[in-house]
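Undergrad: Have a look at this one before I ask anything.
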């Protein structure tokens with residue numbers, strides 16, 4: 001009998017709770033959702049530009065590489081700003097036998113080798129014999145903070161032979 005009594009009590013209590021939910025809680029939740037749901041979507045808008053951009057090879061503006069690189073390299077920033085937060089795209093031209101000393105980056109580095117061959121040694125020891133070979137067409141990425149060094153045994157878009165370089 002106690003189980004039956006409990007069932008009756010639960011059934012009666014459940015009806016009262018259902019009426020309370022329908023009358024007070026449900027409209028309050030709906031109103032809250034209507035007001036707050038659009039708010040989380042605001043920051044989720046795309047961070048990229050809504051404009052288009054195209055760079056034919058002859059229109060790319062090459063400048064001397066940044067002071068953080070050894071002399072001889074040239075760079076072209078195609079999108080964004082490498083010294084500001086957010087994504088950016090740049091190209092780098094190096095002469096043959098060019099070496100970039102060990103360094104790290106605060107963001108993930110993404111590289112596409114357009115021409116020539118790039119050698120990449122990573123980790124604390126920077127073992128050149130264990131370097132990765134990135135031939136033309138290779139895409140690679142490595143995490144922020146990873147120590148690495150790179151060198152080019154043949155010019156990667158050697159700026160000394162580029163016709164349009166300033």
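The values are calculated or read from the model by the stated rules, or taken from the named source; none is laboratory data. On a predicted model such as this, the values are computed, not experimentally measured, just so you know. Cβ coordinates were reconstructed from backbone atoms using ideal geometry, including for glycine residues, and neighbour counts include every protein chain displayed.
Undergrad: Among the residues of segment 74-90, which ones are surrounded by 11 or more Cβ atoms within 10 Å (Cβ to Cβ) and free of Cβ contacts under 8 Å to residues at least 24 places away in the same chain?
TA: Hits for segment 74-90 are 75, 76, 77, 80, 81, 82, 88, 89, 90.
Undergrad: Also: In segment 108-166, which strands (runs of 3 or more DSSP E) lie fully inside it and hold 1 or more residues that are buried (at least 17 other Cβ atoms within 10 Å of the Cβ), touching a helix residue (DSSP H, G or I) at 6+ places or on another chain (Cβ under 7 Å) and at pLDDT 95 or above?
TA: Numbers: elements: 109-112, 117-122, 132-135, 139-142, 148-154.
Result: 117-122.
Undergrad: Does residue 96 qualify as being surrounded by 10 or more Cβ atoms within 10 Å (Cβ to Cβ), modelled with pLDDT of 90 or more and assigned by TED's automatic domain parsing to the domain that holds residue 147?
TA: Taking the combined requirement at face value, the residue does not satisfy it.
Undergrad: Return yes or no: is residue 53 modelled with pLDDT of 60 or more and either touching a helix residue (DSSP H, G or I) at 6+ places or on another chain (Cβ under 9 Å) or surrounded by 10 or more Cβ atoms within 10 Å (Cβ to Cβ) (or both)? Talk me through it step by step, then tell me what you get.
TA: Values: modelled with pLDDT of 60 or more: yes; either touching a helix residue (DSSP H, G or I) at 6+ places or on another chain (Cβ under 9 Å) or surrounded by 10 or more Cβ atoms within 10 Å (Cβ to Cβ) (or both): no.
So residue 53 does not fit the description; no.
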